[in-house]
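Each remark here refers to the structure printed beneath this line.
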Amino acid sequence: MSDKPKYYLTTPIYYTNGLPHIGHTYSTIVCDTIRRYKRMRGYDVVMTTGTDEHGVNVERAAKKAGVAESEFVAKMAVEWKALWDDLGIPSDEFIRTTDLKHAHTVQWLFRLCRENGFVYPGHYTGQYCIYDNAYVDVKPGENCPDCGRPTETVTEANYFFKLSAFQKPLLDWYAKHPDFIQPDSRRNEILSFVEGGLRDLSITRTSIRWGIPVPGEEPHVFYVWFDALTAYLSAVGGPNYEKLGFWPADVHIVGKDIIRFHTVYWPAFLMAAGLPLPKQVWAHGWFLMDAAKMSKSKGNVVTPRPIVGVLGMDALRYYLLRETVFGQDGNFSYDALVQRYNSDLANGLGNLASRTAAMIEKNGDGKIPKPAALQPQDTALATQAQAVIGEVLELYDSLTFSRVLEEMWSLIAATDKYLTSEHPWSLGDSDSDQQRRATILWTTAEVLRIATALTHPILPESATKVWSLLGQSGQPGSIALDRLKWGELAPGTPLGKSQALFPRIEKAEAIERMEAMENEPQKPVTAPAVAPAAVGAAAPQAAPEKIGIEDFAKVEMRVGQIKTAERIVGADKLLKLTVDIGTEVRQICAGIAQYYEPEKLIGRKVAVVVNLAPRKLRGVESNGMIIAASVGPEGRPVLAGFPDDDVEIGARLK
Ligand SMILES: [Zn+2]
């Protein structure tokens, strides 16, 4: 086990009814920047991201796509994970709320809250749209805002969390931990919300099927936040969090629209369970397009791949972190993005690096020169660079990324100015001129070395290129920032191969290319349909697209005979069966307990999918699937069977 101090940070657990846009990318880039920075400060860092895969919206999106929820979310999770990998910002832990370890953590948290007296059964009443299968936020008599149909007042049994009991403990916590909620504007907003009183919170539903079951309380499933927030803890050990040592989190990075859930509900759940609270929740703003929040319904969504394809990932990282003060809203525009790219990256850092390398090559042997006697202007630049190191580390610590980049770019501008006034290119061949040129070029290269180390958390790709251009060994990400200081660039080091850094690009052409890529129809999801961890109930599905016979042939179905059948404690829908399929006797779970008496099933012949990967249902292994019709609105299962007794056990269904 590493003896480094541990640091744990998280992006939001992104909801999977859609694909990532710039807003999600921003959260993840911020976390990746903090992660890289903390590693360079000597921490053992874990960054978690993941996908929130339960709930009504996923149920609906899956239905629309004509696939099972489990298949839908499996594909989504693959897409999300692939995007972060492609962008060079993979998480250390990728948690899916359909992971079995997550279900166990949620159930464990619920048990702790309940044992401590903070959970009670009650009833939830709201306006329900039968067509959309969901509660909608309207008054009785009003129509559904989604489909316009009449709503009904529905009351269902729920479990409630006693949030009202945590008003004082939360206010005490905020007072004792003034940095818990950042930035301050959000903190004030939350303080006044909590001071206004807290209402108990419904944390389970009986009207939704696609969720984590509440142990022993079927058909209750956990509802939204009790499920989703807990993913932060599931990712680093869940009930065994102490073993890994990453909980409590150092910071949750979230969008401002979900700050309340993270700073009120989440600490209250943890307090109720007697678990440690995260140290900080940082809410960033939104990226607006023409002053409107980006959203799929408005059709103004910008996604990262086109930008990265045309300008590179570092350009996107630079723009997002430079243009907007972290915590405030920002405006996204392609025009400003390309402007920043050309002026700050191509003409700024890129030009300084390639110019310096070219002058060192031309100076003679392509090695870092040895400085001679220093002039005051050399010392002034050295002093500025040394001061920038300290300032930038403080700015990183306070997540003031735009200021980090301002400081760095003022150092780059000062170095450009230094080169212009010292004009090493016009010095001659005399000994003193050669010495002077060597001093100027060494000083410039040393600024670049310092700048590369300090910008690496934000611009990892280009920092790596400049680092190897300067002939430095290893990766800039492994530099210990605590020990970074002026004057350590070793003379005589041969330069590395020069690489293209931020080639200039014509603005109109760049924008046209990015917009064209953005408007291309989304590629169909090509990800494999991963078998999900089965924690939710299986659901009957809308008709999918037609498949070829070869697809059907992949499913092997046989006639089986039920040998034994018994109920499963704590799972009132499931029966545990053993089924003879001709070649062997299998254990299979079937969700038919509410409609079939176990003893009456023995000897019955059924249709069995025999080549389904084994999975666990409520902790019981199921090796195959019994085919049943789903009848009526409640989905009553009716077993498919073979009344003709001559059918041989193990016969294949074709
Ligand atoms: Zn509706």
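Observations on the model:
- Scanning the range 584-608 for residues that are of a type in the set (Val, Ile, Thr) and in contact with a Gly (Cβ under 6 Å, 6 or more places away or on another chain), we see that the one that is farthest from Gly641 (Cα to Cα) is Ile588.
- Only residues that are small (Gly, Ala, Ser), open to solvent by 50 Å² or more (accessible area, probe 1.4 Å) and assigned to a loop (DSSP other than H, G, I, E, B) were counted in the range 182-228, giving 2.
- First in the range 303-326 and under 15 Å from Pro20 (Cβ atoms) and surrounded by fewer than 20 Cβ atoms within 10 Å (Cβ to Cβ), second anywhere and at pLDDT below 95 and charged (D, E, K, R), Cβ under 7 Å, 6 or more apart: Thr303/Glu518; Pro306/Glu518
- Hey, Thr324 closer than 21 Å to Ile458 by Cα and touching a Gly at 6+ places or on another chain (Cβ under 6 Å) or not: yes
- Qualifying helices (runs of 4 or more DSSP H) (wholly inside the range 298-409; at least 1 residues being among the hydroxyl-bearing types (Ser, Thr, Tyr)): 313-323, 334-340, 351-363, 376-397
- On inspection, Leu393 fails the criterion of being modelled with pLDDT of 95 or more, crowded, with 20+ Cβ neighbours inside 10 Å and not small (Gly, Ala, Ser).
- Single unsatisfied condition, Met271 versus (1) at pLDDT 95 or above; (2) among the hydrophobic types (A, V, I, L, M, F, W, C); (3) within 16 Å of Cys31 (Cα to Cα); (4) open to solvent by 10 Å² or more (accessible area, probe 1.4 Å): (3)
- Near pairs, Cβ below 6 angstrom, 6+ apart or cross-chain, from the range 113-137 (charged (D, E, K, R)) to any residue that is within 13 Å of the ligand (Cβ to nearest atom): Asp132/Asp146; Asp132/Cys147
- Options Arg36, Arg96: the member that is touching a Ser or Thr at 6+ places or on another chain (Cβ under 7 Å), open to solvent by 30 Å² or more (accessible area, probe 1.4 Å) and within 20 Å of Tyr232 (Cα to Cα): Arg96
- Qualifying positions in the range 113-141 - open to solvent by less than 30 Å² (accessible area, probe 1.4 Å) and more than 14 Å from the ligand (Cβ to nearest atom): Cys113, Val119, Gly122
- Residue within the range 102-110 that is away from the ligand (no atom under 16 Å from the Cβ), open to solvent by 20 Å² or more (accessible area, probe 1.4 Å) and under 18 Å from Ser207 (Cα atoms) present: no
- Qualifying residue in the range 474-492 (condition: at pLDDT below 90 and among the hydrophobic types (A, V, I, L, M, F, W, C)): no
- Flag for Asp429 being free of Cβ contacts under 8 Å to residues at least 40 places away in the same chain and either open to solvent by 10 Å² or more (accessible area, probe 1.4 Å) or farther than 22 Å from Arg340 by Cβ (or both): yes
- For the range 15-66, filtered to residues that are among the hydroxyl-bearing types (Ser, Thr, Tyr) and either more than 28 Å from Leu405 (Cα to Cα) or assigned to a loop (DSSP other than H, G, I, E, B) (or both), the residue that is nearest to the chain's Cα centre (by Cα) is Thr51.
- Checking every residue in the range 276-287 against the condition of being among the small types (Gly, Ala, Ser) and modelled with pLDDT of 95 or more gives at least one match.
- Residues of the range 142-165 satisfying the condition of being open to solvent by 50 Å² or more (accessible area, probe 1.4 Å), within 16 Å of the ligand (Cβ to nearest atom) and either free of Cβ contacts under 8 Å to residues at least 24 places away in the same chain or under 24 Å from Phe261 (Cβ atoms) (or both): Glu142, Asn143, Pro145, Asp146, Arg149, Pro150
- Only one entry of Gln375, Gln386 meets the criterion of being open to solvent by 60 Å² or more (accessible area, probe 1.4 Å) and within 18 Å of Ala490 (Cα to Cα), and that entry is Gln386.
Here's the yes/no breakdown for (1) touching a residue at least 40 places away in the same chain (Cβ under 8 Å); (2) open to solvent by 60 Å² or more (accessible area, probe 1.4 Å); (3) touching a Ser or Thr at 6+ places or on another chain (Cβ under 8 Å); (4) over 12 Å from Gly650 (Cα atoms):
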| residue | (1), (2), (3), (4) |
| --- | --- |
| Leu577 | yes, no, yes, yes |
| Glu597 | no, yes, no, yes |
| Lys605 | yes, no, no, no |
| Asn611 | yes, yes, no, yes |
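The values are calculated or read from the model by the stated rules, or taken from the named source; none is laboratory data. Values in this document were obtained by computation on a predicted structure and should not be read as measured data. When we count neighbours, we look across all protein chains shown, and the Cβ atoms used for this are built from the backbone with ideal geometry, even at glycine. Heads up: the accessible areas ignore ligands, DNA and RNA and are worked out on the full protein's heavy atoms, side chains in. Shrake-Rupley method; radii C 1.70, N 1.55, O 1.52, S 1.80 Å.
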